[in-house]
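S.K.: One structure follows; several queries about it will come next.
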2 protein chains.
Amino acid sequence: MRTLHHLPLSPQCRLVRLALSEKRLPFDLAIERVWEQREDFLNLNPAGEVPVLVEENGLAIPGGRVICEYLDEAYPDVPLMGRTLAERVEVRRLLDWFETRFASEVTQNLLGEKVDKRLHGRGHPDGNALRAGYGCLRFHLDYISWLAETRSWLAGNTISIADFAAAAHLSSLDFIGDITWAKAPAAKEWYARVKSRPCFRGLLSDRMSGIMPPAHYANLDF
Amino acid sequence: MRTLHHLPLSPQCRLVRLALSEKRLPFDLAIERVWEQREDFLNLNPAGEVPVLVEENGLAIPGGRVICEYLDEAYPDVPLMGRTLAERVEVRRLLDWFETRFASEVTQNLLGEKVDKRLHGRGHPDGNALRAGYGCLRFHLDYISWLAETRSWLAGNTISIADFAAAAHLSSLDFIGDITWAKAPAAKEWYARVKSRPCFRGLLSDRMSGIMPPAHYANLDF
C-alpha cells in the first residue's frame, strides 16, 4: 500500500492528505518523528522533512509541492493543478503564496511558536512572533476573503491545490484555536465548503495527545 | 517582446534567465526595484517580488518555480524538468532543496547580509549569520560534489532545472567572491560545465554599481 510519512499538524502533510483523498487514492499514514533523524527516513528524503510519499513500487516523493505535481502527472483523472496554462500559473502562484508567504508569516509564528517549540522542548512562545503572526493572519484572511468573493474557488472556477494548500494551513491553526472566523465571513464560507468535502474527513478526526481542538474544529456547520 | 522583471543578483531571477536562454526563448530584461512597491508591479505580482515574466499576450507569471513549470509546459521542445515520473520527482526535489534549504541556509545569510542589507540601508552584516552561512555553504558544496560525482548532471543523465537552480545561487555568491572553489573540485568541475554553456553568457556579463566581481567570475577556465 502507498504510504505517507507525515506529522498530523503539518500543513504540507495535510495538503498531501487532501490531494490524495480528493483523487480517491488509498494510502496508509505513518507518523515520522523527524527530530529523531532516523537513518532509514533520511535515505527516503535527505532533507529529513515530512511529507514523504512512498509508492507501492518503492518510488519516494519528498515535499508537499513535489508530491502535488507528481500526483497530478501520475493520476490525472481528477486534475487539481488547473487545465489551461493561465489556470496552472494561478494555481501555482497561490500554492507558492501559501507555502512560502503564509507559512513564514503566519504558520511559523503561531503553530511554530505554540506547538513545535513545546514538542522540541525549546521553551515558551515568543510574544513578538505571536503578535506578528496574528497581524499577518488578519491580512491573509482578508486576501482569502477577497479571492473567495471574486471567484468560485481560490484560483478560479474549479477547486484546486490552491484551495487545499490554504485550507491545510487554516485547519492546523483552527486545531489550536487561533482563527476567529466571525471576523472573516467570506473566508469562513469558502472554508466551510472545503471542509464539508469527503476528502477533509481524515483531518477532522485527527487527535493529538496534549492538544484539544476547539468544539467547532470538526463541526461542518461552525 | 517577452519581458522578465528582475534584479541582477537574485538567484531566482538568474534561474529563469538560464531556463529562458537554454530554451532559446528571446526576452527583454527590466530591472524592478521591488522595495519601491510600484503599484503597476504589484498588479503583476501581489507578492511584490521578482522574478515576474510577462508574455507577449500579457500573461504575467510570478515566481521562479512557477515560471520554470510554465516554461516547460508552454515550450516543451527543450525539456528541463526531466522526462519520466521518477526523473521529474528528482528534478523537483533538488529544485525545492536549492530554493528553500540552500536559499535560507546560505544565500540569505551571505548575499542577504552583505548586499541586500546595504542596498536597503539596514546596517552592517551580522557576524553570526555570516558564520552560519559559510558553514552551511561547505556542507552544500559537499552535497553538490557528491551529486556531481555520482551522476552526469545534478538530477541525473541530462541537464535540468536542478543544475540551473544550483548554478544560479552559486553564481550570485561567486559574484561577491564568497566561493572557494579549490576546496570543492567536483563541484567546481560541474559548475565549469554549466558556466560554459551559451545560456550562461548573460549572467557573466552582469555588472552592478558598487560591487566588483572577482577576476575568475566571468572566466570559463577558473
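The values are calculated or read from the model by the stated rules, or taken from the named source; none is laboratory data. Keep in mind that this is a model prediction, so the values were computed, not measured. As a convention, Cβ positions derive from the backbone with ideal geometry for all residues, glycine included, and neighbour counts pool all protein chains shown.
S.K.: Please count how many residues of the range B:1-58 are in contact with a Gly (Cβ under 8 Å, 6 or more places away or on another chain) and over 25 Å from residue B:163 (Cα atoms).
M.R.: Of the residues in that region, 6 qualify.
S.K.: Let me ask something additional. Looking at the structure I just gave you, is residue A:165 in contact with a His (Cβ under 8 Å, 6 or more places away or on another chain), at pLDDT 95 or above and assigned to a helix (DSSP H, G or I)?
M.R.: Considered against the rule, which asks whether it is in contact with a His (Cβ under 8 Å, 6 or more places away or on another chain), at pLDDT 95 or above and assigned to a helix (DSSP H, G or I), residue A:165 comes out as no.
S.K.: Among (1) within 12 Å of chain A (Cβ to nearest Cβ); (2) farther than 15 Å from residue A:92 by Cβ, which single condition is residue B:33 missing?
M.R.: Every listed condition holds for residue B:33 apart from (1).
S.K.: I would also like to ask the following. Answer yes if at least one residue in the range B:21-28 is of a type outside the set (Phe, Trp, Tyr) and within 14 Å of another protein chain (Cβ to nearest Cβ), and no otherwise.
M.R.: Checked against the condition, which is being of a type outside the set (Phe, Trp, Tyr) and within 14 Å of another protein chain (Cβ to nearest Cβ), the range B:21-28 yields no hits at all.
S.K.: Can you name every residue in the range A:37-59 that is in a helix (DSSP H, G or I) and either within 14 Å of chain B (Cβ to nearest Cβ) or without any contact (Cβ under 8 Å) to a residue 24 or more places away in the chain (or both)?
M.R.: Hits for the range A:37-59 are A:39, A:40, A:42, A:43, A:44.
Per-residue answers, yes or no, for (1) touching a Pro at 6+ places or on another chain (Cβ under 6 Å); (2) among the charged types (D, E, K, R); (3) more than 21 Å from residue B:46 (Cα to Cα):
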{"site": "A:134", "(1), (2), (3)": "no, no, no"}
{"site": "A:147", "(1), (2), (3)": "no, no, no"}
{"site": "A:163", "(1), (2), (3)": "no, yes, no"}
{"site": "A:168", "(1), (2), (3)": "yes, no, yes"}
{"site": "A:200", "(1), (2), (3)": "no, no, yes"}
{"site": "A:213", "(1), (2), (3)": "no, no, yes"}
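S.K.: Can you tell me which of A:203, A:141, A:173 is over 26 Å from residue A:27 (Cα atoms) and under 18 Å from the mean Cα position of the chain (by Cα)?
M.R.: A:141
S.K.: Then there is this: With the requirement that a residue be assigned to a helix (DSSP H, G or I) and either without any contact (Cβ under 8 Å) to a residue 24 or more places away in the chain or surrounded by fewer than 20 Cβ atoms within 10 Å (Cβ to Cβ) (or both), what does the range B:174-187 give you?
M.R.: B:181, B:182, B:183, B:185, B:186
S.K.: Quick check on my filter: what residues within the range A:5-51 are farther than 24 Å from residue A:118 by Cβ and either touching a strand residue (DSSP E or B) at 6+ places or on another chain (Cβ under 6 Å) or among the hydrophobic types (A, V, I, L, M, F, W, C) (or both)?
M.R.: Residues satisfying the conditions are A:16, A:18, A:19, A:20, A:25, A:27, A:28, A:42, A:44, A:45.
S.K.: Give the residues of the range B:1-36 that are within 21 Å of residue B:108 (Cα to Cα) and part of a loop (DSSP other than H, G, I, E, B), sorted by residue number.
M.R.: B:7, B:8, B:9, B:10, B:32, B:33
S.K.: Let me ask something additional. Name the helices (runs of 4 or more DSSP H) wholly inside the range A:62-156 in which the number of residues that are surrounded by 16 or more Cβ atoms within 10 Å (Cβ to Cβ) and facing chain B (nearest Cβ under 10 Å) is 3 or more.
M.R.: The qualifying helices (runs of 4 or more DSSP H) are A:64-74, A:85-96.
S.K.: So which residues in the range B:17-50 are touching a Leu at 6+ places or on another chain (Cβ under 6 Å) and under 27 Å from residue A:155 (Cα atoms)?
M.R.: Scanning the range B:17-50 gives B:19, B:48, B:50.
Yes/no per residue for (1) among the aromatic types (Phe, Trp, Tyr); (2) within 24 Å of residue B:20 (Cβ to Cβ); (3) surrounded by 15 or more Cβ atoms within 10 Å (Cβ to Cβ):
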{"position": "B:168", "(1), (2), (3)": "no, yes, yes"}
{"position": "B:197", "(1), (2), (3)": "no, yes, yes"}
{"position": "B:208", "(1), (2), (3)": "no, yes, no"}
{"position": "B:214", "(1), (2), (3)": "no, no, no"}
